[in-house]
Amino acid sequence: MTVVTRFAPSPTGYLHIGGARTALYCYLYTHKMKGKFILRIEDTDTERSTQESVQAILDSMEWLNLKYDAGPYYQTKHMDRYREVLNLLLKEGKAYRCYCSKERLENLRNEQLEKKEKPRYDGHCRDLKEPGTGPFVLRFRNPQEGVVEFDDLIRGKLVFSNTELDDLILARTDGMPTYNFTVVVDDWDMKITHVIRGDDHINNTPRQINILKALGATPPLYAHVSMILGPDGKRLSKRHGAVSVMQYREDGFLPEALLNYLVRLGWSHGDQEIFSMDEMINLFDLKGINKAPAAFNLEKLLWLNQHYIKTSDPAHVAKELAWHMERLGIDISKGPALTDIIKAQAERAKTLKEMAERSKYFYEEVQYNEDSVSKHLTNDLAPVLSSLRDELTALSKWDKESIHKAIVDVSEKAGVKMGKVAQPLRVAVTGDTISPPIDITLELLGQKRTLARLANSIDKLS
Ligand code: GLU
């Protein structure tokens, strides 16, 4: 059997990292089983679906490098097929027209609530002798007895009584098919073998299984993944901070860090924390997914991000850093290669956004932090900085070793520790007190820029 999975987001907003984790699990399982992974955009809710959200989903999948083997498939482009299956169900008496008015259904609901019963459709139109008049919806003739059982691959056996499930609406009065119905038709047509999705869909599953059975289809296997919680134990939402995949990009995360973080959030393989994509694929197993919801931990994600900033191929990280530089309006042709910046800054930046912000002075006019200037660039330093300028001017080779030696020589001559010279120098050329080691900073900055900034600072002192 070839494994076929699908990721089926509704384009009603950004792609939530919970959705991205579901997509990742589908992707990993498919790759492990050498199957097929389909992206299906569930856009039949035309009031809430937007093109912008579709784009956000596609962009997020691309940024995360979660490639699909088929799709994107849009449900709105397959209305004829849904109509065809609806007609089939109608013809076979497995669906029926329901003419109940809004008012009747409202009253029914209120009566049930008053009697403390669960609101449900009472089957009024299930066996009409005469067809009704006026607008109608199509309802599924759900079995009235027995149970629906399935072995959830994460939660084990789940049993639902048919008396709990009322006759679901398959198509609205305007003929628009409903969510549970389109999912069923597509899962059937696409020969989906494993439905991996959020546990908010658990209650839909018995309904979908009943419809599949009515169609004579074998239901797929289901794996319902628990939600992601915020630090307060409530479902992770905007209140807790960033939740959209693209926001994580904007905040300076690498896609591999986010994927590594998400795979571990709800799944484990011993105590291992770091997984390359190949390892994830090899080790992933639906059985290893936790039943219990997992809590989001930003510190851990930051730790992983820095790990990947430090260990990934700098050429790869550079592409992502270039995106941040551009967002900040920095012209990267005006300074050192980004791969050199990454090597120099990796220890000091947990995110690429931070790295970009802290690397501006390599490409643009330096912005001075007035507090650092008044603390470190004091008038008494003018002679030391001047001899430093002379030494640095005299260097015929501009590399970190020669620069280091020049700074050591000047501090020895002045009888002060190297730091006493390096820190004012750092403020003079970068505008502040935090930068990579001073010799590397100057090497990257280049001799011309260094000397110009140094001269400028000396001028201000005297
Ligand atoms: N479109 C549904 C959602 O975004 C998912 C449906 C499914 O996976 O079956 O919640």
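Computed from the coordinates by the stated procedures, all read-outs in this text should not be read as laboratory data. Predicted, not measured: the structure shown is a model, and the values here were computed from it. Neighbour counts are summed over all protein chains in view; Cβ atoms, including those assigned to glycine, are modelled from backbone coordinates with ideal geometry.
In vacuo Debye scattering of the stretch 342-462, one point per C-alpha: log10 I(q)/I(0) at q = 0.22 Å⁻¹? The calculated log intensity ratios at q = 0.22 Å⁻¹ are -1.35.
Compute the helix-to-body angle for 447-461: its Cα long axis versus the longest principal axis of the chain, expressed 0 to 90° and rounded to tens. Once rounded, one gets 70 degrees.
Working out 0.36 nm times the residue gap between A452 and V147, then minus their Cα-Cα distance, what length gain in nm do you get to one decimal?
On the way: separation 305, 0.36 × 305 = 109.80 nm, distance 8.10 nm.
Gain on extension, A452 to V147, equals 101.7 nm.
By the rule of a C-alpha distance below 23 Å, with chain neighbours fewer than 8 residues away ignored, the lysines paired with K350 are K238, K300, K310, K319, K360. Among the GluC sites (Glu not before Pro) found in the stretch 282-365, those both in a DSSP coil and sparsely packed, with 15 or fewer other Cβ atoms within 10 Å of their Cβ, are E364, E365. Summarising the amide proton neighbourhood of S10: residues at separation of 5 or more, or on other chains, whose placed amide H is nearer than 5 Å comprise E42. Extending 7 Å from Cα along the Cβ direction at W303 and again at K417 yields two label points whose distance is 3.1 nm.
Available extension along the chain between R235 and N65 is 58.6 nm, counting 0.36 nm per residue and deducting the alpha carbon span.
Normalising the average separation of contacting C-alpha pairs (under 8 angstrom, six or more residues apart) by the number of residues puts the relative contact order of the chain at 12 percent. For the stretch 267-334, the alpha-carbon coordinates run over 51, 25, 17 Å along the three principal axes, in decreasing order. Would you mind pulling out the separation of the Cα centroids of the stretch 379-454 and the stretch 31-70, in Å? Each part's Cα centre sits 52 Å from the other's. When each of the peptides 23-32, 411-420 is scored by the mean number of other C-beta atoms lying within 10 Å of its residues, the order from highest to lowest reads 23-32, 411-420.
Cα-based values for the stretch 342-396, radius of gyration first and Dmax second, are 15.1, 39 Å.
Using R₀ = 30 Å, calculate the FRET efficiency as 1/(1 + (r/R₀)^6) where r is the Cβ-Cβ separation of T433 and T339; round to 0.05.
Working: r = 25 Å, r/R0 = 0.84.
That pair, T433 with T339, gives E of 0.75.
What do you get for trypsin sites (Lys or Arg not before Pro) in the stretch 42-123 restricted to DSSP loop and a cutoff of at most 13 other Cβ within 10 Å of the site's Cβ?
On the way: sites: R48, K67, K77, R81, R83, K91, K94, R97, K102, R104, R109, K115, K116, R120; in loops: R48, K67, K94, K115, K116, R120.
Those that pass, being in a loop and sparsely packed, are R48, K67, K115, K116.
Its Cα gyration tensor gives the chain an equivalent ellipsoid; the semi-axes, largest first and in whole Å, are 64, 21, 19.
When every Cα-Cα distance of the stretch 208-363 is counted in 5 angstrom steps from zero, the calculated P(r) takes the values 2, 8, 15, 16, 15, 13, 10, 8, 5, 3, 2, 1, 1, 0 percent.
Can you compute the helix-only [θ] at 222 nm over the chain? Use -39500 (n - 2.57) per DSSP H run of at least 4 residues, normalise by all residues, nearest 500 deg cm²/dmol.
Values: 19 runs with 213 residues, N = 462.
Using -39500 (n - 2.57) per qualifying helix, the result is -14000 deg cm²/dmol.
Applying 0.36 nm per residue to the separation of D313 and D45 and subtracting their alpha-carbon distance, the gain on full extension is 92.2 nm.
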